[in-house]
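Novice: Following this message is one structure expressed as structure tokens.
The values are calculated or read from the model by the stated rules, or taken from the named source; none is laboratory data. Given the structure is predicted, the values throughout are model-derived calculations rather than measurements. As a convention, Cβ positions derive from the backbone with ideal geometry for all residues, glycine included, and neighbour counts pool all protein chains shown.
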Amino acid sequence: MNWDPVDQTVLANEQVIDGRGWRSGALVERRQIPQWFLKITDYAEQLLNDLDQLTDWPSEVIRMQKHWIGRSEGVELTFALQQPAADCPAHNIEVFTTRPDTLFGVTYVAIAPQHPLSRYAAQNNPALTEFITAFEKVKVAEAEIATLEKAGIDTGLRVIHPLTQTILPVWTANFVLMSYGSGAVMSVPAHDQRDWEFAQKYHLPIQAVIEPLYETLVDLTQAAFIDKGRLIHSAQFSGLTSAEAFNAIAQHLSEKQLGQRKVQYRLRDWSVSRQRYWGTPIPIIYCGDCGAVPVPEQDLPVQLPTEVVFDASGSSPLKQMPAFSQAICPCCQKSATRETDTFDTFMESSWYYARYIAPRNNQQMISADAQKWLPVDQYVGGIEHAVLHLLYSRFFHKIMRDVGLVHCDEPFQKLLCQGMVIAETFYREETSGKKNYIAPQEVEILRDDKGQIISAKHQQDQQPVLIGNNEKMSKSKNNGVDPQTMIDQFGADTVRLFIMFAAPPEQSLHWSDSALEGAHRFLKRLWRLVHQQTQSEYFTQCQTINIAALTLDARQKELRSKTHQTLKKVSDDMGRRHTFNTAIAAVMELLNAVSQQKTHRSLEDAVVMQEALSLSTILLSPIVPHITHTLWQALGHTEAVIDVSWPTVDETALVSAQIEIALQMNGKLRTRLWVEPNLEQATLESLALSNEMVSRFIQDKTVRKIIVVPNKLINIVAN
RNA sequence: GCCCGGGUGGCGAAAUAGGUAGACGCAAGGGACUUAAAAUCCCUCGGAUGGUAACAUCCGUGCCGGUUCGAGUCCGGCCCCGGGCACCA
């Protein structure tokens, strides 16, 4: 954990700025503290395999979860320490490798700075002690460690290669993660790029044991050769391919009891302890005799005390409250202590979707009869939850399934991940390095004519503020926008329409409220068109007429075709593609066509327009429910628009009299043709060749090829 | 550093299975209506060159290269922006 020695508290990664605590400014240290974990690694295989069931999840989320779980097959093997002293904490170093075929190329073993042997070796080695101490100033985040310059130091310890019996040095290296595998790796600089760079830096030997299968230049003075190939310098295994050697070496090690095949995961167990007040208390009582005892069911839930005192330190007030922490051991009735850590809030967000179907059941988490609602048909959440929340929920669901609370494997059938809403951040920095974020509404922004921010100052004191990156809206960055003022001014329908029209939901969006008035204008226009319709002399009559019985002229047919094309597109956009922006644009186009012929010269006009307006109202109703409710009834319909079933496309209405076909020459658009739809290929070709533009183009050339894409384009290739 | 997205006019975007780039909207400019304003309606609106004009020609989807009759879309390499990296949730 990141430990702030001044505030005496654990800090989140985002609370550590340049190695210092955000409030105290103290240098942060790594510290190990006892914590509760959920053993998610026991479910790693299922969490990976069941991803195949999630066919209605975005593929990038599946990919991210696969990488996160990080299954790899390899071999775990042991390097024995050469002559370990009596006080040595271990006599062996366990390593995991996915490349047992390179085992004969191992020239050193690298261990993590927190590895017990690193600490042991440091006792008589000031340089190593210093190296480990320096590493403990690095914050816990993986990103932090991955960007460190690779460095290491010889521990002085030596191990024996399990097959060759060669003596190899053990190095402490800052890129070996204690949290992955056993915190130790065998290093093969000839065939691993990171090991190669480390060996170059510290002049460690590089031993080639793989040669390419096919003639390729390998120059180990330039880079490692990381491909698989054929083994060399590998005793009885020489000559085998990497794949053959994987099995042969794994079997050999297993027979000699020096190692075995193993599946390793990148996924780590889930730490659920938080040293905070706000959170669900972890229901555990510590007894001097009985150890950690769960709180008995009849005493659940353990509730947070409400009378708490927060002091200036960042540590949890629960620790200072004997009234809360003193307890009786449920086993032996002696006095005991209550756990004062609370649960990670991901704990609750992992199963709320299931609790929603039985919110008032105070006997069980989930009612048996409520299970029929699961899994959730359509789940919607931000892409930033692609791994953590969505993996924890899947894990929790499987636990609930295994104790019989639910009966399906996965919690969410379909998943839509909306993109993040991004906005500028503004802040001022205290001398400690702590950033105080200032809300965009409180900042006066000066932009250049391209819209780029030149400078910003605080509205109150008129002094400059610093401009941060664009980031997802969040409380911690204070860059959120409250839609309430917009709702007050324009109404909820306008704001909903504006948001849905801005971009498809899965795309991230830089917030700007400049198009809001356009959305409002559109709704006013829809309102006017509907009311013009209701004023028409044909309005009452047109409601009872079956459109199919009428004879329509070309113009009316065209509008009717547009109406049904719009219905078809909007149904697909909303139902399948979830691109609400293009659905709205399609209705806007239809209403543009309606306004172009807004006067009724005949009953037929009124009927066609009634259909266009009624359909537009239904199509928009999921997005702007309030205005469409009113307009639907204004159009003479008796039921509520929300109760109307989604309309079906009249295929016969779709047909257009003429379509436009692009005419290309050598792939370049030259002109367009207006023709009847579904013409024969030969007809289109001769039509194209008789075109004046074409004859001019081909007069001094030979036509090589004519490509016809039906109802789309003709491309004449000539030279 | 690793994994996942994205980059198209002044701006938000569209182009759904490789086939007419910029639909729809915002902003801007011009005009109509009005005593005036608001509201509304009409027109222009990627860039360059030529033309009084209708229009014509060339360039153009982050950058470099490739595949193809044809690339915003596919392939290789690179740059930039956003998200995640296990205690922001």
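Novice: Quick check: anything in region A:594-602 assigned to a helix (DSSP H, G or I) and charged (D, E, K, R)?
Specialist: no
Novice: Evaluate region A:455-466: report whether one residue or more is in contact (Cβ under 8 Å) with a residue 60 or more places away in the chain and β-branched (Val, Ile, Thr).
Specialist: The answer is no; no qualifying residue exists.
Novice: Exactly one of (1) of a type outside the set (Lys, Arg); (2) closer than 28 Å to A:Gly229 by Cβ; (3) out of contact with any Ser or Thr (no Cβ under 9 Å at 6 or more places or on another chain); (4) without any contact (Cβ under 8 Å) to a residue 40 or more places away in the chain is unmet by A:Glu130. Its number?
Specialist: Going through (1) of a type outside the set (Lys, Arg); (2) closer than 28 Å to A:Gly229 by Cβ; (3) out of contact with any Ser or Thr (no Cβ under 9 Å at 6 or more places or on another chain); (4) without any contact (Cβ under 8 Å) to a residue 40 or more places away in the chain one by one, A:Glu130 breaks only (2).
Novice: Now, a different point. Modelled with pLDDT under 95 and surrounded by 16 or more Cβ atoms within 10 Å (Cβ to Cβ), is that true of A:Val624?
Specialist: Answer is no for this residue.
Novice: If you don't mind, another one. Any idea which of (1) surrounded by fewer than 18 Cβ atoms within 10 Å (Cβ to Cβ); (2) more than 15 Å from RNA strand B (Cβ to nearest atom); (3) within 47 Å of the chain's Cα centre (by Cα) is the one A:Phe539 doesn't satisfy?
Specialist: (3)
Novice: Here's something else I'd like to know. Only residues that are on the phi > 0 side of the Ramachandran plot and either near RNA strand B (Cβ under 8 Å from one of its atoms) or of a type in the set (S, T, N, Q) (or both): list them for region A:557-594, please.
Specialist: None - no residue of region A:557-594 is on the phi > 0 side of the Ramachandran plot and either near RNA strand B (Cβ under 8 Å from one of its atoms) or of a type in the set (S, T, N, Q) (or both), so the list stays empty.
Novice: From the set of residues in region A:227-237 that are surrounded by 14 or more Cβ atoms within 10 Å (Cβ to Cβ) and farther than 16 Å from A:His161 by Cβ, which is nearest to the chain's Cα centre (by Cα)?
Specialist: Here the residue is A:Lys228.
Novice: Please state which one of A:Arg560, A:Arg521 is part of a helix (DSSP H, G or I) and surrounded by fewer than 18 Cβ atoms within 10 Å (Cβ to Cβ).
Specialist: From the options A:Arg560, A:Arg521, the qualifying one is A:Arg521.
Novice: Those residues that are under 24 Å from A:Met574 (Cβ atoms) and touching a residue at least 60 places away in the same chain (Cβ under 8 Å), I need them from region A:512-546; list them, please.
Specialist: Passing the criteria: A:Phe522, A:Leu523, A:Arg525, A:Leu526, A:Trp527, A:Leu529, A:Val530.
Novice: Exactly one condition in (1) over 29 Å from A:Leu168 (Cβ atoms); (2) surrounded by fewer than 16 Cβ atoms within 10 Å (Cβ to Cβ) is false for A:Val140; which is it?
Specialist: (2)
Novice: Select from region A:409-425 the residues that are part of a loop (DSSP other than H, G, I, E, B) and at pLDDT 95 or above and write down the one among them that is nearest to RNA strand B (Cβ to nearest atom).
Specialist: Once the filter is applied, the top-ranked residue is A:Pro411.
Novice: Would you be able to tell me the number of residues in region A:608-630 that are touching a Leu at 6+ places or on another chain (Cβ under 6 Å) and either farther than 27 Å from A:Gly491 by Cα or charged (D, E, K, R) (or both)?
Specialist: Adding up the residues that qualify gives 1.
Novice: Another question, if that's okay. Residue pairs, Cβ under 7 Å, 6 or more apart or interchain, first in region A:669-682 and hydrophobic (A, V, I, L, M, F, W, C), second assigned to a helix (DSSP H, G or I) and surrounded by 15 or more Cβ atoms within 10 Å (Cβ to Cβ). List them.
Specialist: A:Leu673/A:Leu687; A:Val675/A:Leu687
Novice: Sticking with this structure for a sec: Read through the list (1) surrounded by fewer than 19 Cβ atoms within 10 Å (Cβ to Cβ); (2) part of a helix (DSSP H, G or I), then give the number of the only condition that A:Ala121 fails.
Specialist: Looking at each condition in turn, A:Ala121 falls short on (1).
Novice: Can I ask one more? Which members of region A:1-50 meet the condition of being over 26 Å from A:Arg428 (Cβ atoms), in a loop (DSSP other than H, G, I, E, B) and within 23 Å of the chain's Cα centre (by Cα)?
Specialist: A:Lys39
Novice: Taking only region A:51-76 into account, find how many residues are under 18 Å from the mean Cα position of the chain (by Cα) and assigned to a helix (DSSP H, G or I).
Specialist: Number of matching residues: 13.
Novice: For region A:280-316, name all the residues that are out of contact with any Asp or Glu (no Cβ under 6 Å at 6 or more places or on another chain) and of a type in the set (Gly, Ala, Ser).
Specialist: A:Gly288, A:Gly291, A:Ala292, A:Ala312, A:Ser315, A:Ser316
Novice: Between residues in region A:326-341 that are part of a loop (DSSP other than H, G, I, E, B) and residues that are of a type in the set (Gly, Ala, Ser) and within 16 Å of RNA strand B (Cβ to nearest atom), which pairs lie under 9 Å by C-beta distance while being six or more apart or on different chains?
Specialist: Within 9 Å, the pairs are A:Glu339/A:Ser273; A:Thr340/A:Ser316; A:Asp341/A:Ser273; A:Asp341/A:Gly279; A:Asp341/A:Ser316.
Novice: Identify all residues within region A:275-295 that are at pLDDT below 95 and surrounded by 18 or more Cβ atoms within 10 Å (Cβ to Cβ); write none if there are none.
Specialist: Result: A:Gln275, A:Arg276, A:Tyr277, A:Gly279.
Novice: Name the residue, out of A:Gln298, A:Gln257, A:Gln251, A:Gln303, that is assigned to a helix (DSSP H, G or I) and at pLDDT below 95.
Specialist: A:Gln298
Novice: Out of region A:38-84, which residues are more than 10 Å from RNA strand B (Cβ to nearest atom) and closer than 30 Å to A:Val16 by Cα?
Specialist: A:Leu38, A:Lys39, listed by residue number.
Novice: Within the set of pairs 6+ apart or on separate chains, which have a first residue in region A:586-597 that is in contact (Cβ under 8 Å) with a residue 60 or more places away in the chain and more than 11 Å from A:Leu529 (Cβ to Cβ), a second that is part of a helix (DSSP H, G or I) and near RNA strand B (Cβ under 8 Å from one of its atoms), and C-beta atoms under 8 Å apart?
Specialist: Going by the 8 Å Cβ cut-off, the qualifying pairs are A:Met588/A:Phe522.
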